Structures are given as C-alpha cells and as structure tokens.
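Please read the structure below before turning to the comments.
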Amino acid sequence: MKAVVFPGQGAQRKGMGVELFERYPRLVEHADTVLGYSLHALCTDGADRLIDTRYTQPALFVTGYLGYLDHTHRHGAPDMLAGHSVGEFVALAAAGALDFIDALRLVDRRARIMAAIRDGAMAAVIGPGRDEVEGLIARLGLDGLDIANENSPTQTIVAGLSGEIDAFVERCREAGTRAVRLRVSGAFHSRHMRPAAAEFAQALRETPFQSPRIPVVANVTAQPHDAQIAATMAAHLCSPVRWTQSVHTMLEAGVSEFVEIGPAPVLGPMIDEIRAGWRPQRRASAAEAHWPEFAPPPLAGTHAALAAALHRLYADSAPCAADWATLWPRGLGVAGWPPLELAATARGVRRQIRRALEILIPAAASAQPAAPSSYLHGRHP
C-alpha cells in the first residue's frame, strides 16, 4: 500500500511550484482570482510574503494540490492520504472531500484568521519524547504552554505566548536540552488558537464536504476522517498535530511506501524515524480513536457518563482540583483506576484526568462490540 503525504508551513521555498503553474494554467488562473494576487509572482519574487502565514498557506495548498495531480497522472492514486497541519487540506481536496476552489477559500480564510492572532510563538524540542517534554513544562511551571506537534519520537513542538516560549527555550538551554524557537507568528495548534478556531468553524459550516474517496488520516484524531470533517478541521486549529500517531495508523493499515509531495523533504525524515521505532500495536477501538483532544468519547453504557464528565473537565482551560476529586470516586470499580491526587496547578489536574481517561475509555470500550473499519484495510468507500 502507498500513502501520499503533504507538508505544512515551513516547507515553503522560493521558486516552488513554478513548473506546475505552467502545466496547470487554468487552475492557477482560478486560484489567482480567488486569492486576489499572482501565485507565480509570490513564489518567484515574493520572498518576504512567502514566509507570511497569510500567503504561505494558500501557496502551499495550491502547489501541493497541483503536485498531487501531477503524481496521479504519472503513478495513479494512492491507498491513503495525510497532511501535516495545512497539508491536511491538500489531502482532503485530493481525496475529493472538498472541491479545489472551496478548499482554497477555506485555506485563505484560515491563513488570515491565524495571522491575526498575535503574541504567540512556538519552539521545537529536539531529543526528548512527548511525555518528557510535557513533564519538563510541568517542572518549569510554564502552565501557558501546550504540546502543539508530535512530529517524531525525538521532535516535539511547543506553543504558547512569546514570553513563556522565550523562557522555556532559555530554561531548556540551561538544562542541556536543545530547544529552538521557530519563525512563526502564532501559537498554532494550542489553546491560544481557540478564538481563531471558533471563527473558522463558521466558514467550515458553510462549506460543502463529501465523503473522501480515499481515506485521509486526521491530525486531530490520528484516525481516518469520518462524517464529522468540518468539526474536526475546526478543532484542528487548537489541537495538537498527532503526526507520530498518524504515521502509526498508516503503518498499521498496511502502508509500506510513503510519497511526500511538497517543496522540500520535511516529512520524509520524520517518517523514517517513526518507522524505525514502530512496532505493530492492537488497533484502536472506535471509542479510543476520538480521545482526547477532539470530542467526548463516543461511549454508551457503563462509565459513559463518567467519561463524558471527565472529558468536559479535561477540556476546561483551568480545571478545578475539587471537581476532579468529586468525580474520582465514580471510577473506583475500574481496574487500574489511579489514586486520587490533588495537583496544585491546572496543568497537573489535566494530567491526572488524562491518566484516568486513558484507563477508563479502553475499559468501557472493551464492553462494546467494535465495528470493523474498512478504512483500516485499505478499502475505499
């Protein structure tokens, strides 16, 4: 099986897409009309604008989509698709879930909304895994930081307000951990993007979506998109990019070949690292697939109410330890239920709730009949 993947912001390069613009002039003309500027001029002469979120995202979308058309004309369609951050819109358009122009309008709107959110920043942590980075954030007491991208076992992106990111990078340096501030203008894929996500949700609701002809693995859930594409892509702005888990899902489905379509080989090295450490795991149940960042666990029956209540508390930006203590006794009948701890910070409370849900959801899901997913076997709807 083959998967085609599309990179996100950071992959842009001067001169990208020029040969594709020449091969698909009608599509480029339509895109220029929608955007109100020349993509050819942007990608050849607009170096300053090409690193501006407002222009980077539409340019990456169009070049990625044209690159996909070129690839399929030569090699045929893949078995699965995925994209990193804005690259996921390319994957959805390639799968037929979105019309090219509708997708471009969404990406343009998304880029403008995201660019308007200021005083945010991001940093890449190289070496420690996601859990270690989460622990480091907690030890440093920087409660305004979130894990934004889980790119590979040794690359995790952190997002937050500029001051806290600067403090985080400095403290990492003092601790001997490599952390590099990224050249971005916002705290993308973190709680700080919730206002942007709420605004973008309206544009998504107004856009017609179709069922993907090819499975598209979502960043938010690390599972193939279901019927809730619009809701998932709204959550996409303020939820982590679960790239490592997304690659695991494709490997688990039987993908053995990955083709990256973009201006530079950004995802390929990450995928190579992920594959090197991957071992087959049991498939996630339908209940687990949506846990925890996107939506309440889709459970019924035993523990469903507790799971939903815990998820609501987990999603709160400042969960109260007293509320956690009130819910905790209801899980005492669950095997492996964690001991009650009352953390002093909101981040600590969220970590305890997450640990409880990681135990509760599989236990509840195991009591339900699991519906087999055709997506995980490479069959297209």
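The values are calculated or read from the model by the stated rules, or taken from the named source; none is laboratory data. From a predicted model like this one, the values you see are computed outputs, not experimental measurements. Cβ: placed from backbone, ideal geometry, glycine included. Neighbour counts: every protein chain shown. Side chains included, ligands, DNA and RNA excluded: accessible areas come from the protein's heavy atoms. Shrake-Rupley method; radii C 1.70, N 1.55, O 1.52, S 1.80 Å.
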Can you tell me which condition Ala77 does not meet? The list is (1) among the small types (Gly, Ala, Ser); (2) farther than 28 Å from Ser185 by Cβ; (3) in contact with a Leu (Cβ under 8 Å, 6 or more places away or on another chain), and all the others hold.
(3)
Filter the stretch 340-357 for residues that are open to solvent by 80 Å² or more (accessible area, probe 1.4 Å) and either in contact with a helix residue (DSSP H, G or I) (Cβ under 9 Å, 6 or more places away or on another chain) or among the polar types (S, T, N, Q) (or both); which is farthest from Leu310 (Cα to Cα)?
Ala344
Among the numbered conditions (1) among the hydrophobic types (A, V, I, L, M, F, W, C); (2) touching a Pro at 6+ places or on another chain (Cβ under 9 Å); (3) in a helix (DSSP H, G or I), tell me where Val220 comes up short.
(3)
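Could you list all residues from the stretch 329-381 that are of a type in the set (Phe, Trp, Tyr) and either at pLDDT 80 or above or over 29 Å from the mean Cα position of the chain (by Cα) (or both)?
Hit for the stretch 329-381 is Trp337, nothing else.
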If you scan the stretch 203-232, which residues turn out to be open to solvent by 20 Å² or more (accessible area, probe 1.4 Å) and within 23 Å of Asp316 (Cβ to Cβ)?
Gln228, Ala231
Any hit, the stretch 167-178, residues being surrounded by fewer than 16 Cβ atoms within 10 Å (Cβ to Cβ), modelled with pLDDT of 90 or more, over 16 Å from the mean Cα position of the chain (by Cα) and of a type in the set (Lys, Arg):
yes
Cβ-Cβ under 8 Å pairs, at least 6 apart or on other chains, the stretch 56-76 side without any contact (Cβ under 8 Å) to a residue 60 or more places away in the chain, far side open to solvent by less than 10 Å² (accessible area, probe 1.4 Å) and basic (Lys, Arg):
Gln57/Arg110
Considering (1) open to solvent by less than 20 Å² (accessible area, probe 1.4 Å); (2) part of a loop (DSSP other than H, G, I, E, B); (3) farther than 22 Å from Val5 by Cα, say which one Tyr37 fails and leave the rest.
(1)
From the list Gly64, Gly46, Gly129, which one is more than 20 Å from the chain's Cα centre (by Cα) and not aliphatic (A, V, I, L, M)?
Gly46
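Does Phe61 count as among the aromatic types (Phe, Trp, Tyr) and surrounded by 24 or more Cβ atoms within 10 Å (Cβ to Cβ)?
Details: among the aromatic types (Phe, Trp, Tyr): yes; surrounded by 24 or more Cβ atoms within 10 Å (Cβ to Cβ): yes.
It is true that Phe61 is among the aromatic types (Phe, Trp, Tyr) and surrounded by 24 or more Cβ atoms within 10 Å (Cβ to Cβ).
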Return a yes/no flag: does the stretch 320-328 have any residue that is open to solvent by 20 Å² or more (accessible area, probe 1.4 Å), at pLDDT below 80 and at negative phi.
no
Could we say that Ala235 is under 18 Å from Asp146 (Cβ atoms), open to solvent by 10 Å² or more (accessible area, probe 1.4 Å), in contact with a helix residue (DSSP H, G or I) (Cβ under 7 Å, 6 or more places away or on another chain) and not acidic (Asp, Glu) here?
yes
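Just checking, does the stretch 278-289 include any residue being modelled with pLDDT of 80 or more and open to solvent by less than 30 Å² (accessible area, probe 1.4 Å)?
no
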Residues (touching a Gly at 6+ places or on another chain (Cβ under 9 Å) and in contact (Cβ under 8 Å) with a residue 60 or more places away in the chain) located in the stretch 14-51:
Met16, Gly17
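Only one of Thr33, Thr53 is under 17 Å from Arg105 (Cβ atoms) and at pLDDT below 95. Can you tell me which? Give the derivation first.
Details: Thr33 fails: at pLDDT below 95.
Exactly one of Thr33, Thr53 is under 17 Å from Arg105 (Cβ atoms) and at pLDDT below 95, namely Thr53.
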Kindly list, by first and then second residue, each pair from a residue in the stretch 182-202 that is open to solvent by less than 60 Å² (accessible area, probe 1.4 Å) to a residue that is basic (Lys, Arg) and modelled with pLDDT of 90 or more, limited to pairs with Cβ atoms under 9 Å and residues at least 6 apart or on different chains.
Ala196/Arg110; Phe200/Arg109; Phe200/Arg110
Report yes if Tyr24 is open to solvent by 10 Å² or more (accessible area, probe 1.4 Å), within 17 Å of Leu267 (Cα to Cα) and either at pLDDT 95 or above or of a type in the set (S, T, N, Q) (or both), otherwise no.
no
Out of Asp99, Asp119, Asp79, Asp108, sole residue that is of a type in the set (D, E, K, R) and closer than 11 Å to Ile214 by Cβ
Asp79
What about Gln9, is it buried (at least 19 other Cβ atoms within 10 Å of the Cβ), part of a loop (DSSP other than H, G, I, E, B) and not aromatic (Phe, Trp, Tyr)?
yes
